[in-house]
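Notes for the one structure printed next.
Only the coordinates and a few stated rules stand behind these numbers; no lab work does. Not measured: the values here are computed from a predicted model. Cβ placement follows ideal geometry from the backbone for every residue including glycine, while neighbour counts extend to all protein chains displayed.
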Amino acid sequence: MSDLKNSVCVVTGASTPNGIGNAIAHTLARAGASVYLVAEGTEAQLQQVQRDCRGYSGSGRIEYGLHDLAVPGAAEAMIAQAHALFGRIDVLVNNAGIRAPYDFGTYTRAQFDQVVGVNLAAPFFASQAVVPIMRSQGGGRIIHIASQLGHVTYARRALYGLTKAALIHLTKSMAYELGRDGIIVNSVSPGPIRTQPLIDRLQSEPEEMASRIERYLPAGRLGEPREIADVVLFLATTDATFLQGEDICVDGGYTKH
């Protein structure tokens, strides 16, 4: 898989402007992939991403589907629809995620179920659904988007961090079981990335954000969504298939202190 020509990629959480999934979809399309864009309830945004990705010279077929991954069975339905549309799936990028930032002790069961459903259950069951397809093709790539908060803690992120730590463990378990089938599984853990929530905080709390960046980020800046997308592209295309079950932390050095 030296490039993505004739390859089909599924990307969840692909619609949000300034989002990581959006950047991943654009990067894979520019690399020549056909892409199935997935999000929940944001059809106008998905259509815009579809138009943008179709505009790249050499991109493959670009389609989208609305799937609420918090609902049991939605992840499997997503894979079935993508396979019906394209006839194959070469790369699955499990990017969709929600944070629910609350103090520990105040989470409701409904909040727990929703965050676990989107952040962990959906990647788990989407991966299970795609494995038979990839086996029949002789292999494939599964890439989970985890988080630096799967490695370190932060206030009001207990539930989010729990799901991301579990996703990193799932990466290792899947790689151990599936590598012999030619299914390569790795994950990427973004640090503070210039997505819309942080853009909003930079505007509303410029001094506080500048102080946090200076204190916690050796890189001296926030990351950009394209920098996560570039790592995903590497994992989707590299011939270095001895790289299996790893979590690549792209965090400007945040977790190194």
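Numerical summary
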{"quantity": "Unique residue being among the β-branched types (Val, Ile, Thr), within 22 Å of Lys5 (Cα to Cα) and under 17 Å from the mean Cα position of the chain (by Cα) when the list is Ile62, Ile89", "calculated": "Ile89"}
{"quantity": "Boolean, Ala146 is small (Gly, Ala, Ser) and touching a residue at least 60 places away in the same chain (Cβ under 8 Å)", "calculated": "yes"}
{"quantity": "Hits in region 201-257 (condition: over 23 Å from Gly32 (Cβ atoms), part of a helix (DSSP H, G or I) and under 18 Å from the mean Cα position of the chain (by Cα))", "calculated": "none"}
{"quantity": "Region 225-250, subset of a type in the set (Asp, Glu) and in contact with a strand residue (DSSP E or B) (Cβ under 7 Å, 6 or more places away or on another chain), residue surrounded by the fewest Cβ atoms within 10 Å (Cβ to Cβ)", "calculated": "Glu246"}
{"quantity": "Test result for Ala74, more than 17 Å from Ile143 (Cα to Cα) and hydrophobic (A, V, I, L, M, F, W, C)", "calculated": "yes"}
{"quantity": "Within region 98-117, tally of residues that are surrounded by 12 or more Cβ atoms within 10 Å (Cβ to Cβ) and charged (D, E, K, R)", "calculated": "2"}
{"quantity": "Complete set of residues in region 16-40 that are over 26 Å from Arg99 (Cβ atoms) and surrounded by 18 or more Cβ atoms within 10 Å (Cβ to Cβ)", "calculated": "Ala29, Ala31, Ala33, Ser34"}
{"quantity": "Tally, over region 41-60, of residues that are assigned to a loop (DSSP other than H, G, I, E, B), out of contact with any helix residue (DSSP H, G or I) (no Cβ under 7 Å at 6 or more places or on another chain) and surrounded by fewer than 19 Cβ atoms within 10 Å (Cβ to Cβ)", "calculated": "5"}
{"quantity": "Residues of region 75-134 classified as in a helix (DSSP H, G or I), touching a residue at least 24 places away in the same chain (Cβ under 8 Å), over 21 Å from Leu233 (Cα atoms) and among the small types (Gly, Ala, Ser), total", "calculated": "6"}
{"quantity": "Residue list for region 184-228, restricted to those being out of contact with any His (no Cβ under 8 Å at 6 or more places or on another chain), small (Gly, Ala, Ser) and closer than 30 Å to Ile89 by Cα", "calculated": "Gly191, Gly223"}
{"quantity": "Pairs with Cβ under 8 Å, 6+ apart, first in region 1-22 and without any contact (Cβ under 8 Å) to a residue 24 or more places away in the chain, second assigned to a loop (DSSP other than H, G, I, E, B)", "calculated": "none"}
